[in-house]
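Student: Okay, handing you the structure first.
Please treat every number below as a calculation from the coordinates, not as lab data. Every value quoted in this text rests on a predicted model; they were computed, and no experiment measured them. Glycine also receives a Cβ, built like all others from the backbone with ideal geometry; neighbour counts cover every protein chain displayed.
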Amino acid sequence: MADTVRKVDYFSIQVPNTPAKAFGVLSTLVSSGIDLLACIGVPRGRRAQIDVVPTDTRRFKAAVKKAGLSFTPEKTGFIIQGRDRPGALSEHLKKLGDKEINVTGIDSMSAGERRWGAIIWVEDTAVRKAARVLGARSAGQAYAARVRRVSAKGRKKR
């Protein structure tokens, strides 16, 4: 099965680098019913940066506004998911490099049960080109594909 590449929006917030601050932000999102595809946190001196990738950008923006959280404006990245194998990430990086697209960040890991995933960030000016090169689907296209798969499974059980 080929890897799935999805274009996603991500947002960042800076919080004090002290115990439970990240938990406070994430628990606010959870209580608002926000589902995250990814969450990454890194220290930034006396502060910490939390990057989140929501499954539904519109719901996320509404919840953040209501909660009074100050996330940065959205940026775009790519989530890649697939069957784990040697060189899985490098295949995608090669595609981007061959087209002279600079990757500005990567987070990748095994997802267990022979699955892997990664988030790749590129420069804002290269997002469209990277989407074409990677064969990325929008969140709406990915959702429609998921609905079709679930419907097909339901028909098979009948």
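Student: So which of Lys7/Lys129; Lys99/Lys129; Lys95/Lys129; Lys7/Lys65 end up more than 18 Å apart, counting from Cα to Cα?
Tutor: Checking Cα-Cα distances, Lys7/Lys65 exceed 18 Å.
Student: What fraction of the DSSP beta bridges in the chain is antiparallel, stated in percent and rounded to the nearest 5?
Tutor: The antiparallel fraction comes to roughly 95 percent.
Student: Taking H as built 1.01 Å from N, whose amide H comes closer than 5 Å to the amide H of Leu37, not counting residues under 5 places away?
Tutor: Residues meeting the amide H criterion: Val53, Thr55.
Student: Still on this structure: Could you pull out every residue, at least 5 positions away or on a different chain, whose amide H is within less than 5 Å of the one on Thr76? Hs are placed 1.01 Å off N in the peptide plane, and Pro or chain starts have none.
Tutor: Amide H neighbours of Thr76, under 5 Å, 5+ apart: Tyr10.
Student: Name the aspartates and glutamates eligible as straight-distance cross-link partners of Lys21: C-alpha to C-alpha under 20 Å, and not fewer than 8 places from it in the same chain.
Tutor: Asp35, Asp51
Student: Calculate the spin-label point distance for Asp84 paired with Ser27, positioning each point 7 Å from the Cα along the beta-carbon direction, and give it in nanometres.
Tutor: Rounded to a tenth, the inter-label distance reads 3.2 nm.
Student: In sequence order, what are the phi-derived ³J(HN,Hα) couplings for the range 23-37 according to the Karplus relation 6.51 cos²θ - 1.76 cosθ + 1.60 with θ = phi - 60°, rounded to whole Hz, with x for glycine and proline?
Tutor: 4, x, 5, 5, 5, 5, 5, 4, 5, 8, x, 8, 9, 10, 7
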